[in-house]
Amino acid sequence: MLLSSLTSGQSENNNACACLSVLYLLLEKLRARDQLVAPDDLALLRNSIETATGILNCKYCPLRYFSVIQNSTLLGILCVCLAECYARVLRWIDNEERRASGTGEQKRLRIQGKHIDANNFVQPAQPNGPPLFLGDVSPGDWRNLMRNIVKAEVFGVEGCKENCFISLIERLEARQRRWHQEPPAPDCPPSYQSSCKPPDPPPTCLVIIDDAKSLVDLLGF
């Protein structure tokens, strides 16, 4: 994971972390992608969610007010960015389906999976290894399959939802409500404390999270 690689070697007594650097790297990596395609780029988004989850659980960020603000704001912005990235993937899927339908082209479907070697050990899937399934499908069927894959990445599937995108948003929202109700850092100013409900104005971090949730709603699942 990107987070662990950047924080390795740091002393636990430093009360410091690399979360800010990691978040900026994630945002820049997503910003730099001119096009996001399915299924290839879903791994990038999945890895970003995994790294963000590690930052969400950082034990150093809550120790100082400045890092509390950085962590919460940038994680919220990352969620907005990820929601927009999933929308871009869906637009690409729709455009690719229209292109293939217009030219009468079939879409090649390649499914990788784990393999059992000669010693009956399970080996992870290799990108260039033999596929479990390889075949041609109609553009319409391909579009439906790709959209269902994206939906599973966003919302998870029954029995496996803890690592999906919406789970990250929900965990971040719950944490921010806890932090505002009981400020985690001793130097948090009195203005940071909030009930997160009327008549208190909504904290900026929750406004950003609401923006991310609105973008998820617009995905149309």
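The values are calculated or read from the model by the stated rules, or taken from the named source; none is laboratory data. All figures in this text were calculated on a predicted structure; none of them were measured in a lab. Cβ atoms come from the backbone with ideal geometry, glycine included; neighbour counts cover every protein chain shown.
Summary table below
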| read-out | value |
| --- | --- |
| Counted residues, region 149-207 - those being assigned to a helix (DSSP H, G or I) and either out of contact with any Ser or Thr (no Cβ under 8 Å at 6 or more places or on another chain) or not polar (S, T, N, Q) (or both) | 28 |
| Hits in region 208-221 - residues which are at pLDDT 95 or above and either in contact with a Cys (Cβ under 6 Å, 6 or more places away or on another chain) or part of a loop (DSSP other than H, G, I, E, B) (or both) | 212, 218, 219 |
| Number of the condition not met by residue 141 [criteria: (1) under 30 Å from residue 103 (Cα atoms); (2) within 20 Å of the chain's Cα centre (by Cα)] | (2) |
| Filtered residue count, region 50-60, keeping only those that are in contact (Cβ under 8 Å) with a residue 60 or more places away in the chain and either touching a His at 6+ places or on another chain (Cβ under 6 Å) or crowded, with 22+ Cβ neighbours inside 10 Å (or both) | 1 |
| Among residues of region 153-212, those that are more than 28 Å from residue 84 (Cβ to Cβ), touching a residue at least 12 places away in the same chain (Cβ under 8 Å) and polar (S, T, N, Q), counted | 3 |
| Filtered residues of region 178-191 (kept if surrounded by 15 or more Cβ atoms within 10 Å (Cβ to Cβ) and under 27 Å from the mean Cα position of the chain (by Cα)) | 179, 180, 183, 184, 185 |
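Per-residue answers, yes or no, for (1) assigned to a helix (DSSP H, G or I); (2) surrounded by 19 or more Cβ atoms within 10 Å (Cβ to Cβ):
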| site | (1), (2) |
| --- | --- |
| 43 | yes, no |
| 66 | yes, no |
| 72 | yes, yes |
| 84 | yes, no |
| 87 | yes, no |
| 98 | yes, no |
| 102 | yes, no |
| 109 | no, no |
